[in-house]
Every structure is written in structure tokens, then in C-alpha cells.
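Bear in mind these aren't lab numbers, they're just calculated from the coordinates by the rules spelled out. In this text the structure is predicted, and so the values were computed from the model without any measurement. Every residue, glycine among them, receives a Cβ derived from its backbone with ideal geometry; neighbour counts consider all protein chains shown.
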Amino acid sequence: MEKLECLSCKKQFRLDVFTPFCPVCQEPLFYYYPDDSKKTIDLNKDHPLERYADFLPLKTFDPRLSLGEGNTPLVKLEGLARKFHLPATILAKNEMANPTFSFKDRGTAVAIQKAVSLGIRKIGTVSTGNMAASTAAYGARAGLETFVLLKEGTSPSSLLSAGIYQPRLIAVEGDYPQLYYQSFALGRKFGIYFMNSIDPFRVEGYKVTGYEIFRQLGLRTPRAIILPLSAGGHLLGIMGAFLDLLRAGTINEIPVIIGVQAEGCSPLARAFAAGAERYERISKARTIAHAISNPAPAAGNIVLRVIRENKGMIVAVSDEEILAAQKTLAEVEGIFCQPESAAALAALLKIRDALLFKEEDSVVLIITGSGLKNLGALDSLNMTVQNTNLVNLEGTLRSLS
Ligand SMILES: Cc1ncc(COP(=O)(O)O)c(C=O)c1O
Ligand SMILES: [Zn+2]
């Protein structure tokens, strides 16, 4: 019998995808692996969900439900290291290369396999952007009825990037965290599996990013991994991958995992700085980094605990630092990510001295989503466009070269 486990009270519960929270502590539940038998990476398999199957919660894998997620590039950022005189090797794990242009596909890909294997016909999500598009795309491919609950006022580009898959789109007025929790109760009632940000299968899917980094670095762990942090599912997944490898005896030490929040909505960075065990909900969020602006992160208290226990860090960066980092990644490395993703670089630049990097270290920035998702964030971009005509084009090129 498959089980979920509460990391707070250690109670286990029979698997029920409609109830992903502990009824005792209200903390999120995680997939429980009963057997500690030897786990191996099957290098003969190409699809990540088959290659790392030993570490994942799927008994079967149906390739028809996949959109080719994962196996994303890990690219060296040499120009950036040069520009900022960073001694270590800096790399980007390019999650924009996923089918709907964000890391969310890794989690959706696992949750959809589970949904179909359980005979579920309706899925849903509460999201303002990437998770909506990802869930709608995989729902369309699997032929499931998909419900997307959006916050009222969500930007037209976010709406379109989910709407193109023709899910049932519902814009909900009201408190976002409340909508998030209410979705589970309604999901149970209507048989809709809400695979939200800290869904146990979604989180397991994010582990694959960690295994891929380990493999792409030649079976070595990076010194640090830096990623934007909102609900906490992504961070817990990636941290979980390295904890798995540690338990399996494959590695001796896990990387320093660094979660990054926007200063205008940083409940976890604040709690971390204060050494608090639990975070306090933010009453007014104010940041351009909407995808990581979460006043009440569902897995926040668990994130604080695992970060503390495993010598990780949570930092906050300003909107100005985020936008400057987004621009730098594009100008220097040709990587056009959304501002939320660029927060990882902003954090690296902010805390570089505290990290005391050595030449042999490698640091991975997770580039979580594509800049094309939110062109509105670029309204203030300074671009120089030369206007000319066919007759004067040669002269214009001469003056510029
Ligand atoms: C682009 C991007 N980066 C990072 C995150 C944060 O992920 P999590 O909510 O799992 O912490 C999100 C969440 O929506 C996102 O859209
Ligand atoms: Zn509990």
C-alpha cells in the first residue's frame, strides 16, 4: 500500500492525492518510500523518469503522457564569471528547455502519470503562471478535464499561455492562500486532483533535476545550488535528490542549497535571518517577481527546517537586483529568463563573499522559467533602434561597425 508521510509528526497516511496535508499538523505530506533497497541509475534509459525510476514513486511509466520533459542543458557561464571575477565555475541548469518553458513540467509529468494510473479523469491547479500552463498542457495531452484556478487580475500573457490548451479557466477574486487551501476541499468533492505547488508527486518530479546535475557534472556534487523560492516544492525536491544520494552512499556531502526570495515578499528569508522555526505570513506583498511572491508558502516551515538541518541558506534580493540580473544573463550569456529566475544570479552576486568559493568549486543557478512568459516586465528596457531605409542602410551599418 502506498503511503504519504508528514515530516513534522512522522505520521503516515494511506495515499490519497486529494488530501496532501497532515490532518494533525496541517503541514504538507510527502511520498513515503518503504524499502531502502539498493537504488541505481539506469543509464540505458533515455527518459529521465525511466533512468531515475528507482528514486521515483512510479510503478509504471506511460511514454504517451510525456512531452519530453527533463534532460535540460547544464551550461557554463564563463562570461559571467569573468565579468564579476568569480573564482568558481558558474553553471546554469536551463529549465526553460522544458516543454512549457519552465521547471514545472518535471513535477506535472510525474503527477500526470500517477493521475492516469489511478484512473483519475479530472485534474486542476491553482496558479498565476507557469504551473497553470504546465498542468493545462499535460492535461490536454492525457485527454483529461483540466481546471485552472487563477487569481483575478492575472496578466494576459499568463492567461494565454495556459488558455491555449483550452482548460476550464476560472479567475477567482479573493485571498490567494485561502484559494490554494480551499482547492483541495473542493477537489475532493468534485473528484478533481489539484496537483498544486507542493503536491507530493510534483515534488518527487523535481528531484530529477538534482540527479541530472549530479550526472552532468561527471557524478560530482556542485558546491552550491541557487534557486528562486516560493511555495518550496522545487527546493525540497532538489534537496531531496541529494539527500537520496547521500543515503545511498553515492555522495559524502550535499551541496549548499540556497533559496532566493524577493525582498517585497520574503517570509522565509526573514524567518531564516531571525533563526525562527516558523515563518510569519506577509500581509502586503510588493514585488515585480510575481511567480515567487507567496505570502504564505505551503511548505515554508518544512523548508526552514531542512535548510537549517542541511546548512543551506535563504536570502532576499531587491527588485532592482533581480531586473539587473535578468538583463545581465541575457546580455552576457544569451539567456533570457523571467525575472524570478534571475533572482538566483542576483543572490549569487549578493552573497558571493560569504560563500568563500574556491577555484575548483562549481555553482549551479537553476533558470526556472522563460522570459517570454512575461514580456511586460521589460517595459522599461533601454533599447536603441536605428531607423534607416534601404538607400541608407549601407551607411548606417558603416557608422555602427
Ligand atoms: C519561474 C518560477 N521560479 C520559481 C518558482 C518557485 O517554485 P516553488 O513554488 O516550488 O518554490 C516558481 C513558482 O511558481 C516559478 O514560476
Ligand atoms: Zn503531521
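Tell me the net charge near I367. Cut-off is 11 Å between Cβ atoms, I367 excluded, with +1 for each Lys or Arg and -1 for each Asp or Glu. Working shown, then result.
Details: positive: K93; negative: E95, E333, E340.
Local charge sum for I367: -2.
Under 16 Å Cα to Cα from K45, which aspartates and glutamates show up? Leave out anything in the same chain fewer than 8 places away.
Within the straight-line cut-off, K45 pairs with D54, D62, E69, E212.
Going by alpha carbons, how many degrees (0 to 90, nearest 10) lie between the helix axis of 176-190 and the longest principal axis of the chain?
Orientation of helix 176-190: about 40 degrees from the principal axis.
Report, in degrees rounded to the nearest 10, the 0 to 90 angle that the Cα long axis of helix 130-142 makes with the longest principal axis of the chain.
Result, in degrees: 60.
Past 27 Å, Cα to Cα: identify those pairs from K3/K284; K93/K358; K11/K114; K76/K151; K104/K327; K11/K311, in the order given.
K3/K284; K76/K151
Quick one: which residues, 5+ away or cross-chain, put their amide H under 5 Å from the amide H of K3? H built at 1.01 Å from N.
L15, Y32
Express the relative contact order of region 43-165 as a whole percentage, based on alpha carbon pairs under 8 Å and six or more residues apart in sequence.
With pairs under 8 Å counted, the relative contact order is 20 percent.
Determine how many Å³ per residue the convex hull of the Cα atoms of region 56-106 encloses.
Residue-normalised Cα hull volume stands at 98 Å³.
Which whole number of Å³ per residue matches the convex hull of the alpha-carbon atoms in the chain?
162
Please list 3J(HN,Hα) in residue order for region 58-75, calculated via the Karplus relation 6.51 cos²θ - 1.76 cosθ + 1.60 where θ = phi - 60°; whole Hz, with x for glycine and proline.
9, 7, 10, 9, 9, x, 5, 8, 8, 10, x, 5, x, 6, 7, x, 10, 10
Could you please report the charge total around T388, scoring K, R as +1 and D, E as -1 over all other residues with beta-carbon less than 13 angstrom from its beta-carbon?
0
Please tell me the relative contact order of the chain in percent, rounded to the nearest whole number, where contacts are Cα pairs under 8 Å and at least six residues apart. Before the final figure, lay out each step's value.
Numbers: 763 pairs, mean separation 65.2, N = 401.
Reported relative contact order: 16 percent.
State which stretch of the chain is the longest one without any exposed chymotrypsin sites (Phe, Trp or Tyr not before Pro), exposure meaning a DSSP loop state and at most 16 other Cβ atoms within 10 Å.
The longest such stretch corresponds to 85-401.
Are there trypsin sites (Lys or Arg not before Pro) in region 247-314 that DSSP marks as loop and that have at most 12 other Cβ atoms within 10 Å, and which are they?
Hits after loop and neighbour filter: R278, R281, K284, R286, K311.
Give a quick list of GluC sites (Glu not before Pro) in region 249-341 that DSSP marks as loop, anything other than H, G, I, E or B, with at most 12 other Cβ atoms within 10 Å. List each step's numbers first, then the result.
Values: sites: E253, E263, E277, E280, E309, E320, E321, E331, E333, E340; in loops: E253, E263, E277, E280.
In loop regions of region 249-341 (DSSP not H, G, I, E or B), the sparsely surrounded GluC sites (Glu not before Pro) are E253, E277.
Are there GluC sites (Glu not before Pro) in region 54-157 that DSSP puts in a loop and that have at most 12 other Cβ atoms within 10 Å, and which ones?
E152
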